[in-house]
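Undergrad: Before anything else, here's the structure in question.
Derivation of every value follows stated rules applied to the coordinates shown; laboratory data play no part. Quick caveat, the model's predicted, so the values are computed rather than measured. Note that we place each Cβ from the backbone using ideal geometry, even for glycine, and neighbour counts take in every protein chain shown.
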Amino acid sequence: MPKNKGKGGKNRRRGKNENEFEKRELIFKEDEQEYAQVTKMLGNGRLEAMCFDGVKRLCHIRGKLRKK
């Protein structure tokens, strides 16, 4: 019988997520921008959001923010 030398699985190969809760500065809205609350994630960088002016809108997340 061969001896078990390995540590099975891929768990030991994965990195640790120490910077998971990184604090960022709050970005305030500028002219012609609006705050909204996400109601539904649609995929492909798109979402449905309810704006604070009471209108439901289809939104798009720009590429720089999409990967965060």
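Undergrad: Can you tally the lysine pairs in the chain where the Cα-Cα distance is under 28 Å and the two residues are eight or more apart, or on different chains?
TA: Total qualifying Lys-Lys pairs in the chain comes to 23.
Undergrad: Let me ask you something else. Which one is right for this structure if semi-axes √(5λ) of the Cα gyration tensor in Å is calculated from it: (i) 35, 19, 8; (ii) 43, 16, 10; (iii) 23, 17, 11?
TA: Entry (ii).
Undergrad: If neighbour count is taken as other Cβ atoms inside 10 Å, put ARG24, ARG46 in order from fewest to most.
TA: ARG24, ARG46
Undergrad: Moving on to the next point. As a check on your grasp of the helix formula, calculate [θ] at 222 nm for the chain: sum -39500 (n - 2.57) over DSSP H runs of n ≥ 4, divide by the residue count, round to the nearest 500.
TA: Mean residue ellipticity at 222 nm (helix-derived): -1000 deg cm²/dmol.
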